[in-house]
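Report on the following structure.
The values are calculated or read from the model by the stated rules, or taken from the named source; none is laboratory data. Owing to the predicted nature of the structure, the values given are computational and were not obtained by experimental measurement. As a convention, Cβ positions derive from the backbone with ideal geometry for all residues, glycine included, and neighbour counts pool all protein chains shown.
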Amino acid sequence: MGDKPTIAISHLGCEKNRIDTEHMLGLLAEAGYYVDDNEYLADYVIVNTCSFIELAREESVKTLVELAEANKKIIIAGCMAQHFQEQLLEELPEVLALVGTGDYQKIVQVIERV
């Protein structure tokens with residue numbers, strides 16, 4: 001682990017989203033990152049969002065706003081990142097990167113880049 005930042009992942013949404021979250025967790029662990037359950041103690045928070053299920057969409061927005069207000073370094077993944085890129089970047093300057101639904105395998109490179 002050494003100098004690598006601590007990562008937290010917030011999973012919001014459907015079953016596919018959960019599987020994608022588990023995939024990202026595995027990639028991060030393989031790369032030597034420590035993943036913490038506490039979003040407020042982590043250096044970076046990946047929020048794996050959903051934009052299809054209304055409740056999950058509302059929860060995604062609420063979570064993103066709370067993390068932004070806490071000045072967390074945010075990476076948005078999932079459907080919202082895929083479908084609402086411009087709006088998310090405009091509304092949440094705390095967002096460091098977006099990872100669309102087809103780019104989960106690049107999460108380690110994204111973390112290393114930010």
Checklist line | the range 6-19, subset crowded, with 21+ Cβ neighbours inside 10 Å and touching a Phe, Trp or Tyr at 6+ places or on another chain (Cβ under 9 Å), residue modelled with the lowest pLDDT | finding: 13
Notebook entry, point to check: Under 7 Å by Cβ, and 6 or more places apart or on different chains, what pairs join a residue from the range 96-114 that is farther than 19 Å from residue 84 by Cβ with one that is buried (at least 16 other Cβ atoms within 10 Å of the Cβ) and small (Gly, Ala, Ser)?
Noted result: 114/97
Notebook entry, point to check: Would you say residue 70 is aliphatic (A, V, I, L, M), under 13 Å from residue 101 (Cα atoms) and at pLDDT below 95?
Noted result: no
Note to self: List the residue pairs whose Cβ atoms are under 6 Å apart, where the first residue sits in the range 29-43 and is within 22 Å of residue 70 (Cα to Cα), the second is of a type in the set (Phe, Trp, Tyr) and surrounded by 15 or more Cβ atoms within 10 Å (Cβ to Cβ), and the two are 6 or more positions apart or on different chains.
What the structure shows: none
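Can you name every residue in the range 66-81 that is touching a residue at least 24 places away in the same chain (Cβ under 8 Å) and either under 14 Å from the mean Cα position of the chain (by Cα) or more than 24 Å from residue 6 (Cβ to Cβ) (or both)?
Correct list: 67, 68, 72, 73, 74, 75, 76, 77, 78, 79, 80, 81.
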Note to self: Considering only the range 65-77, I want to know if a residue exists there that is surrounded by 15 or more Cβ atoms within 10 Å (Cβ to Cβ), of a type in the set (A, V, I, L, M, F, W, C) and part of a helix (DSSP H, G or I).
What the structure shows: yes
Next item on the list: Take the range 28-58 and flag every residue that is surrounded by fewer than 17 Cβ atoms within 10 Å (Cβ to Cβ) and within 14 Å of the chain's Cα centre (by Cα).
Entry: 35, 36, 37, 38, 40, 43
Next item on the list: Hey, could you check the range 99-112 for residues that are surrounded by 14 or more Cβ atoms within 10 Å (Cβ to Cβ) and either touching a Phe, Trp or Tyr at 6+ places or on another chain (Cβ under 9 Å) or charged (D, E, K, R) (or both) and say which is farthest from residue 18 (Cα to Cα)?
Entry: 111
